[in-house]
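The values are calculated or read from the model by the stated rules, or taken from the named source; none is laboratory data. Source: prediction; values computed, not measured. Cβ coordinates were reconstructed from backbone atoms using ideal geometry, including for glycine residues, and neighbour counts include every protein chain displayed.
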Amino acid sequence: MSLIRRKRHQVWVLGAIAALAGIWLSLGLHTPVRSQTVPLAGGDTTIRNRTSTAYSQPAPNLDADTLALHLEGDRVFDSVFVTPPAPVNPGLGPLFNNASCTGCHIKDGRGMPTKGQLLVRVSQAQMPDSPPAAEPLVLREHYHPEAAVSLGDATSVPGIGTQVQEHAVYGFEPEAQVHISWRTHTGIYGDGTSFSLRSPQIAIRQRNGQPLSSSVMTSPRIPAPVFGLGLLEAVPEADILQLADPDDRDGNGISGKPNYVWDVEKQAEVLGRFGWKANNPTLLQQNAAAYVNDMGVTNPLFPEPDGSVEVSDRELTAATVYVQTLGVPARTLLDNSQVQQGERLFANTCASCHIPTLQTGNHPIAALAQQTIHPYTDLLLHDMGTGLADQRPDFRATGTEWRTPPLWGIGLTQTVLPYSGFLHDGRARTLEEAILWHGGEAEAAKEQFRTMSQSDRAALIQFLRSL
């Protein structure tokens with residue numbers, strides 16, 4: 001365990017002891033924000049921390065039992081898997097992308113568009129004429145076959161599956177190698193100032209050195225931040241569906257729609273709300289899928305063919321509680337006139353998709369229930385245009401549709417991890433670049449930003465940095 005995480009464990013174990021004694025310690029930067037005049041980003045889960053550890057703090061309103069499970073989950077989230085047999089954390093591979101959760105979600109934040117951080121989802125656009133090649137014994141996304149067909153879910157690529165795994169344990173070979181290059185795009189703001197954008201060009205070579213067939217669809221994706229997710233899980237489904245307008249009946253050019261995905265536990269089609277295309281229904285399933293896809297580690301939702309697992313139900317539950325109960329960083333600079341101006345501009349350009357305020361309903365974790373939160377998302381799919389398209393469907397999400405990502409805490413992205421990228425593949429190096437890549441339903445909003453005065457652009461960006 002890193003020194004930073006070890007210290008964080010020590011601090012919060014002491015906090016748990018104090019809570020049990022009824023003497024909850026005042027921990028400075030880690031205390032909840034209490035003022036009722038401040039819009040609390042995460043409701044009572046909000047923390048006052050704008051440092052490089054801002055994404056990694058427990059919600060301050062957890063009871064003692066939940067805090068203890070959160071701390072256990074913190075350890076599990078840090079666990080580095082090794083090849084079996086081993087006395088501790090066996091089960092890595094034989095094919096994998098990383099050896100731990102924190103290997104991708106560094107300090108619980110956003111990833112970088114680099115090898116080892118950028119995961120590549122793949123699917124076969126057309127069924128091959130010849131029988132599929134034998135695949136290595138690695139479990140991947142095991143959605144119900146009939147549901148996968150009815151939902152248009154990804155078709156496994158022979159020899160690879162639905163995710164390229166670039167690493168292998170001793171005695172095995174990686175499925176393929178991913179090479180990243182960058183294409184530059186230029187443009188001009190309305191005031192004549194030039195800007196430069198970039199997009200990743202992904203080349204995948206198989207074991208034999210040959211490129212993948214042109215019928216294979218690819219989708220590069222960086223890890224997303226994991227704080228505040230339990231609150232999004234607690235937003236009632238009816239509230240999300242109320243925001244949907246797939247036929248744009250109100251004529252505002254925004255037509256958000258829900259994704260419906262396969263729930264492995266329920267064996268049913270349910271609302272998706274997590275992942276870049278809202279392709280996971282619950283945090284438990286998202287974590288379980290990450291274990292098996294990213295690390296090759298089997299678990300209760302995705303076991304070995306004989307039913308055995310390499311991560312116990314207790315460990316999977318603890319890791320899930322960990323990401324459910326991370327606190328949300330409080331906003332800053334609320335009284336700053338430039339930030340206030342930027343917030344007004346944001347409301348007039350971006351808030352149709354990035355809904356500022358949601359209300360949570362019931363949740364098994366009491367700290368997440370009945371909270372007024374400000375995540376800046378509608379959890380719906382939107383057509384973002386050809387510039388951001390990966391052309392790879394994901395359940396009901398088309399190749400041009402992406403889920404509206406939450407914006408809370410986005411101003412701390414590069415404080416937590418310098419050089420982190422924005423958007424699904426990390427192409428945007430700045431918040432300005434992220435906005436300028438918007439298209440499709442967000443084309444009008446992008447153009448409003450592009451044609452703003454320099455001072456208005458700076459104000460809007462400063463507002464985002466205050467989140």
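What are the pairs, 6+ residues apart or on separate chains, where a residue within region 65-93 that is in contact (Cβ under 8 Å) with a residue 12 or more places away in the chain and closer than 19 Å to THR53 by Cα has its Cβ under 7 Å from a residue that is part of a loop (DSSP other than H, G, I, E, B) and of a type outside the set (A, V, I, L, M, F, W, C)?
Listed pairs, sorted by first residue: HIS70/THR325; ASP78/SER100; SER79/ASN89; SER79/SER100.
Starting from region 423-452, take each residue that is free of Cβ contacts under 8 Å to residues at least 12 places away in the same chain and list its partners that are assigned to a loop (DSSP other than H, G, I, E, B), counting only C-beta distances under 7 angstrom and pairs at least six apart or across chains.
Correct list of pairs: LYS446/HIS438; LYS446/GLY439.
Are any of the residues in region 75-95 in a helix (DSSP H, G or I), in the same structural domain as ALA367 (by TED's automatic domain parsing) and surrounded by 19 or more Cβ atoms within 10 Å (Cβ to Cβ)?
The initial filter retains those residues of region 75-95 that are in a helix (DSSP H, G or I), namely 75-78.
Subset that is in the same structural domain as ALA367 (by TED's automatic domain parsing): 75-78.
This time we only want the ones that are surrounded by 19 or more Cβ atoms within 10 Å (Cβ to Cβ), so: 76-77.
Yes, region 75-95 contains a residue that is in a helix (DSSP H, G or I), in the same structural domain as ALA367 (by TED's automatic domain parsing) and surrounded by 19 or more Cβ atoms within 10 Å (Cβ to Cβ).
Return the only residue of PRO418, PRO406 being under 15 Å from the mean Cα position of the chain (by Cα), outside the structural domain of ALA203 (by TED's automatic domain parsing) and not in a helix (DSSP H, G or I).
PRO406
Given the conditions (1) under 27 Å from ARG110 (Cα atoms); (2) in the same structural domain as HIS374 (by TED's automatic domain parsing); (3) assigned to a loop (DSSP other than H, G, I, E, B), which single one is not true for GLY230?
Failed condition: (3).
Check off (1) surrounded by fewer than 23 Cβ atoms within 10 Å (Cβ to Cβ); (2) more than 15 Å from THR398 (Cβ to Cβ); (3) in contact with a Leu (Cβ under 6 Å, 6 or more places away or on another chain) for ASP248 and give me the number that stays unchecked.
For ASP248, the exception is condition (3).
Hey, GLY116 hits all of (1) small (Gly, Ala, Ser); (2) part of a loop (DSSP other than H, G, I, E, B); (3) at pLDDT 95 or above but one; which does it fall short on?
In the conditions (1) small (Gly, Ala, Ser); (2) part of a loop (DSSP other than H, G, I, E, B); (3) at pLDDT 95 or above, GLY116 misses (3) alone.
Taking GLY187 as the residue in question, decide whether it is modelled with pLDDT of 90 or more, surrounded by 13 or more Cβ atoms within 10 Å (Cβ to Cβ) and within 30 Å of ARG450 (Cβ to Cβ).
Numbers: modelled with pLDDT of 90 or more: yes; surrounded by 13 or more Cβ atoms within 10 Å (Cβ to Cβ): no; within 30 Å of ARG450 (Cβ to Cβ): yes.
The answer is no for GLY187.
How about region 346-396: which of its residues are farther than 22 Å from ALA428 by Cα, among the small types (Gly, Ala, Ser) and surrounded by 21 or more Cβ atoms within 10 Å (Cβ to Cβ)?
Across region 346-396, the qualifying residue is only ALA367.
Note down all Cβ pairs under 7 Å where the first residue falls in region 352-377 and is closer than 15 Å to GLY327 by Cβ and assigned by TED's automatic domain parsing to the domain that holds LEU284, the second is in a loop (DSSP other than H, G, I, E, B) and modelled with pLDDT under 95, and they're at least six residues apart or on different chains.
HIS374/PRO39
Would you list the helices (runs of 4 or more DSSP H) that sit entirely within region 241-359 and hold 3 or more residues that are under 26 Å from CYS104 (Cα atoms)?
It comes to 283-294, 313-324.
Residue-by-condition table, conditions (1) assigned by TED's automatic domain parsing to the domain that holds THR83; (2) under 16 Å from the mean Cα position of the chain (by Cα); (3) under 28 Å from VAL169 (Cα atoms):
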{"residue": "SER196", "(1), (2), (3)": "no, no, no"}
{"residue": "SER213", "(1), (2), (3)": "no, no, yes"}
{"residue": "GLY251", "(1), (2), (3)": "yes, no, no"}
{"residue": "PHE274", "(1), (2), (3)": "yes, yes, no"}
{"residue": "GLY296", "(1), (2), (3)": "yes, no, yes"}
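Of everything in region 14-64, what is at pLDDT 50 or above and over 28 Å from the mean Cα position of the chain (by Cα)? Give them in sequence order.
THR37, the sole residue that qualifies.
State whether the residues of region 323-338 include one that is closer than 30 Å to PRO85 by Cβ and of a type in the set (A, V, I, L, M).
yes
Scanning for something within 25 Å of ARG221 (Cβ to Cβ) and aliphatic (A, V, I, L, M), does region 333-356 turn up at least one residue?
There is at least one residue in region 333-356 that is within 25 Å of ARG221 (Cβ to Cβ) and aliphatic (A, V, I, L, M).
Looking at GLU146, GLU173, GLU135, which one is at pLDDT below 85 and either surrounded by 19 or more Cβ atoms within 10 Å (Cβ to Cβ) or assigned to a loop (DSSP other than H, G, I, E, B) (or both)?
Values: GLU146 fails: either surrounded by 19 or more Cβ atoms within 10 Å (Cβ to Cβ) or assigned to a loop (DSSP other than H, G, I, E, B) (or both); GLU173 fails: at pLDDT below 85.
Only one candidate qualifies: GLU135.
Determine which member of the set VAL309, VAL328 is crowded, with 22+ Cβ neighbours inside 10 Å, among the hydrophobic types (A, V, I, L, M, F, W, C) and at pLDDT 95 or above.
Every option except VAL328 fails the conditions.
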